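Novice: Sharing a structure with you now.
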Amino acid sequence: MKPRERTLAAINHRQPDRPPIYVSLTPQVAQRLSENLGFPFEAPADAMESARISHMGLLTTMGVDIVAIAPTAPANAPTITMQDGRIKNEWGMIFRKAGIYDEFSEYPLADASSEKDILDYPFPEPDAPGRFDLAIRMMEDYGSKYGVIGDVETMFFEMSWYLTGMEKFLADLMTEAEYQSCLMDKIMRYIIFCGKKLIEMGVDILWCGDDFGSQTGMIIDPDIWRRIFKPRIKQMFEEFRKIRSDIKIAWHSCGSILPIIPDFIEVGLDILNPIQPLAQGMDPVYLKKTYGKDLVFFGGIDVQQLLPFGSPEMIRDEVRRRIDILGKDGGYIVAPAHNIQPDTSMENVLAFFEAALNP
């Protein structure tokens, strides 16, 4: 089967010749792989989820079946490096270099308390010139041959605390602070616009997401989640399906989110990602048996222990075991549960691809 044909079979619960592959890399891993394979290094895209949409020339050469596209920073508001070395994006978030990833240094709405604070803040325009230029080029390059994901991850929960700080946002959630609904709804309108644009461009999957889980359970009480977050997620899904009723919608949430999986199914979710293997209760046998008729599973290959610290033989065995479980009767996209990190050797990256390509 061809990559696009394989992808469409899997996301429609039909058995492909093998599960389609999607991979995302940190820039450090992409550079080492490029040097190892003699492939030109491609600079990362300027986007909130840069790793998801970068290095696709390298990855398609290695054998992925699915590429991802996303809105990027517009021409008039690129991410900048400040005089003190910190990084500022178009949302006003400021980061500092801290190893593999940039870590938050300042939250622009850290002092927000009222609806007026939100209404007065200069939010980015979703239709700013250049926002979708890279996505359009990538659709032209890959859309006819590969499965395509439109990525609008980090939605109204994560983007809210990116602006206010996580501790503040969670504490204010408990007291129902005045500004919160306005903030979440303003972000939601931005995401809905971007998601609809990507659907109109012809993506096969719209990849939504906010992390609601930790290693051992939910970050937020499930009842609070159902009261505050579930209705907004339902509204977004309904808006996306006004553009195309058959669009497949994926949701990314790291961690253990067992209590709310049925809620996601209820509001129309098609694909669950990333099936974090070491998170409590995210067992592939249980998930496939319980939810396999309702959900496609996307991910499931451990990046915490297996890929960085396992032997190539262990990796090949576990990848094939996961494919046997989650890929039975279709409904599985094989992928690492997050970006492949610099603690993973080139030998181990290649072992993943070997097993995924030859299950």
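Taken together, the values in this text are just the output of simple stated rules run on the coordinates, not laboratory data. If you're wondering where the values come from, they're calculated on a predicted model, not measured in any experiment. Here the Cβ is made from the backbone with ideal geometry for all residues, glycine too, and neighbour counts use every protein chain on show.
Novice: Return a whole-number percent for the relative contact order of the chain, with Cα pairs under 8 Å and 6 or more residues apart as the contact set.
Specialist: Relative CO of the chain lands at 20 percent.
Novice: Just order 94-106, 213-225 by mean Cβ neighbour count inside 10 Å, highest at the front, would you?
Specialist: The peptides rank, most packed first, as 213-225, 94-106.
Novice: Something else: Quick one: net charge of Leu272's neighbours, Cβ under 15 Å, K/R +1, D/E -1?
Specialist: -3
Novice: Taking one equal scatterer on every alpha-carbon of segment 142-249, how large is log10 of I(q)/I(0) by Debye at q = 0.12, 0.13, 0.19 1/Å?
Specialist: -0.45, -0.53, -0.98
Novice: A follow-up question, please. Ranked by Cβ crowding within 10 angstrom, fewest neighbours first, how are Arg322, Arg244 ordered?
Specialist: Arg244, Arg322
Novice: Something else now. If you fit an axis through the alpha-carbon atoms of helix 178-201 and take the longest principal axis of the Cα set of the chain, what angle between them do you get, 0 to 90°, nearest 10?
Specialist: Value to nearest ten degrees: 40.
Novice: Computed FRET efficiency, Cβ-Cβ of Arg226 and Glu347, R0 41 Å: what is it to the nearest 0.05?
Specialist: The calculated FRET efficiency here is 0.35.
Novice: Something else: Any idea how far the Cα center of segment 245-301 sits from the one of segment 1-64, in Å?
Specialist: Cα centroid of segment 245-301 versus Cα centroid of segment 1-64: 21 Å apart.
Novice: I've got another one for you. Output the 0 to 90 degree angle, nearest 10, between the alpha-carbon long axis of helix 166-175 and the longest principal axis computed from the alpha carbons of the chain.
Specialist: Approximately 60 degrees, to the nearest ten.
Novice: Taking Rg and Dmax of the Cα atoms in Å straight from the coordinates, which label in [x] 19.6, 58; [y] 22.7, 78; [z] 19.7, 63 is the correct one?
Specialist: [x]
Novice: Report the calculated FRET efficiency for Glu176 and Thr81 (r = Cβ-Cβ distance, R0 = 35 Å), to the nearest 0.05.
Specialist: With R0 = 35 Å, the Cβ-Cβ based efficiency is 0.40.
Novice: Starting with the highest mean, order 35-45, 150-160, 271-281 by the number of other Cβ atoms within 10 Å, averaged over the residues of each peptide.
Specialist: 150-160, 271-281, 35-45
Novice: Over segment 145-267, calculate the relative contact order: mean separation of alpha carbon pairs under 8 Å at least 6 apart, over the residue count, as a percent.
Specialist: 33 percent
Novice: Which residue, Gly213, Cys194, Gln180, has the largest displacement toward the positive end of the dipole of segment 128-257 when charges sit on each Cβ (Lys, Arg +1; Asp, Glu -1)?
Specialist: Cys194
Novice: Also, I was wondering about something else. Any chance you could give the angle, 0 to 90 degrees and rounded to 10, that helix 133-142 forms with the longest Cα principal axis of the chain?
Specialist: It is inclined by approximately 10 degrees.
Novice: Label segment 240-336 by shape, choosing from rounded, prolate and oblate, from the square roots a ≥ b ≥ c of the eigenvalues of the Cα gyration tensor; if a/c is under 1.5 it is rounded, and otherwise prolate applies when a/b is larger than b/c, oblate when it is not.
Specialist: prolate
Novice: Set the bar at 24 Å for Cα to Cα. Now go through Lys196/Lys288; Lys186/Lys234; Lys2/Lys234; Lys248/Lys328; Lys197/Lys288 and name every pair that lies beyond it.
Specialist: Too far apart for the 24 Å limit: Lys196/Lys288; Lys2/Lys234; Lys197/Lys288.
Novice: For segment 94-169 and segment 312-344, compute the distance between their C-alpha centroids and round to whole Å.
Specialist: Centre-to-centre (Cα) distance: 29 Å.
Novice: Another one. By the scheme Lys and Arg +1, Asp and Glu -1, what is the net charge of all other residues having a beta-carbon under 9 Å from that of Ile87?
Specialist: +3
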